[in-house]
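The values are calculated or read from the model by the stated rules, or taken from the named source; none is laboratory data. As the structure is a computational prediction, the values presented were derived from the model and not from experiment. Glycine gets a Cβ as well: all are built from the backbone with ideal geometry, and neighbour counts include every protein chain shown.
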Amino acid sequence: MPGCFEFKEDDINLTPVWATHPSLPLECWHPNALGKIGSRLGTLIAMDSLTMKMERVSYARILVEVDASKKLVDHVEFILPNGVVRKQSIVYEFTPKFCSTCHRFGHLKESCQPAIPTVTAIATAARNANDAAVKTAAPKKASRLSGRCTASNRNN
């Protein structure tokens, strides 16, 4: 398989989510400050245009890539320029459902129903394996031999 399609198990757990920061102080609306806050959640991907232009100051909104197999961060603490420690709440617009049992998105571990192979699926797999074995065991085409060919019988 080409290298671009080889995934590590951790790569499959990553998903982008929008995180909002309600009532974030205006001095924290700088891209560097939002980048530091975003790095505590995951990997910062982008800020929405209203946040970048400070056109909606009720909350800042950033897109971060998070590991869905881990609990999402619900707040961060940081020190404001005036020295005050701020505990900032984080609200996610969408919380991804990720199953730690089957490593798939769409449901949680509690509602996981692992696929149980059916008799038909098992029979089909066995038939396919048998067909593959027959193909590999099939005799190869004989090639022409040049010169004289003799056969000997070792039983005599």
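Which of the residues spanning region 83-98 are at pLDDT below 90 and either aliphatic (A, V, I, L, M) or farther than 20 Å from Pro16 by Cβ (or both)? Working first, answer last.
Taking region 83-98 as the starting set, the residues that turn out to be at pLDDT below 90 are 94-98.
If the condition is that a residue be at pLDDT below 90 and either aliphatic (A, V, I, L, M) or farther than 20 Å from Pro16 by Cβ (or both), then no residue fits.
Please indicate, with yes or no, whether at least one residue in region 43-55 is on the phi > 0 side of the Ramachandran plot, modelled with pLDDT under 95 and out of contact with any Gly (no Cβ under 6 Å at 6 or more places or on another chain). Let's see the steps before the verdict.
Going residue by residue through region 43-55, those that are on the phi > 0 side of the Ramachandran plot are 54.
Those still in the list that are modelled with pLDDT under 95 too: 54.
From what's left, out of contact with any Gly (no Cβ under 6 Å at 6 or more places or on another chain): 54.
Yes, region 43-55 contains a residue that is on the phi > 0 side of the Ramachandran plot, modelled with pLDDT under 95 and out of contact with any Gly (no Cβ under 6 Å at 6 or more places or on another chain).
For region 23-69, which residues satisfy the criterion of being within 26 Å of Phe105 (Cα to Cα), in contact with a strand residue (DSSP E or B) (Cβ under 7 Å, 6 or more places away or on another chain) and of a type in the set (Gly, Ala, Ser)?
Gly38, Gly42, Ala46, Ala68, Ser69, listed by residue number.
Of all residues in region 17-53, count the ones that are among the charged types (D, E, K, R) and loosely packed, with under 13 Cβ neighbours inside 10 Å. Give the steps one after another, and end with the answer.
Taking region 17-53 as the starting set, the residues that turn out to be among the charged types (D, E, K, R) are 27, 36, 40, 48, 53.
Still in the list and also loosely packed, with under 13 Cβ neighbours inside 10 Å: 27, 53.
So the answer is 2.
Rundown of residues vs (1) surrounded by 10 or more Cβ atoms within 10 Å (Cβ to Cβ); (2) modelled with pLDDT under 65; (3) not β-branched (Val, Ile, Thr), yes/no style:
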position: Pro81; (1), (2), (3): no, no, yes
position: Ala126; (1), (2), (3): yes, no, yes
position: Ala138; (1), (2), (3): no, yes, yes
position: Lys141; (1), (2), (3): no, yes, yes
position: Gly147; (1), (2), (3): no, yes, yes
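Which residues, taken from region 53-109, are within 18 Å of Pro25 (Cα to Cα) and in contact with a His (Cβ under 7 Å, 6 or more places away or on another chain)? Step through it out loud before you land on a result.
Within region 53-109, the first condition is being within 18 Å of Pro25 (Cα to Cα), and the residues that meet it are 53-62, 74-91.
Of everything in region 53-109, those that are within 18 Å of Pro25 (Cα to Cα) and in contact with a His (Cβ under 7 Å, 6 or more places away or on another chain) turn out to be Tyr59, Ala60, Lys87, Gln88, Ser89, Ile90.
Would you point out the residue of region 54-77, among those that are of a type in the set (Gly, Ala, Ser) and surrounded by 15 or more Cβ atoms within 10 Å (Cβ to Cβ), that is farthest from Ala19 (Cα to Cα)? Quick ask: steps written out before the conclusion?
Looking only at region 54-77, we keep the residues that are of a type in the set (Gly, Ala, Ser), and these are 58, 60, 68-69.
After this cut, where a residue has to be surrounded by 15 or more Cβ atoms within 10 Å (Cβ to Cβ) as well, the list is 60, 68-69.
Details: Ala60: 8, Ala68: 14, Ser69: 17 Å.
The extreme case among them is Ser69.
Can you tell me which residues in region 58-80 are acidic (Asp, Glu) and within 23 Å of the chain's Cα centre (by Cα)? Spell out the reasoning first.
Our first condition is that a residue be acidic (Asp, Glu); within region 58-80, this holds for 65, 67, 74, 77.
Hits for region 58-80 are Glu65, Asp67, Asp74.
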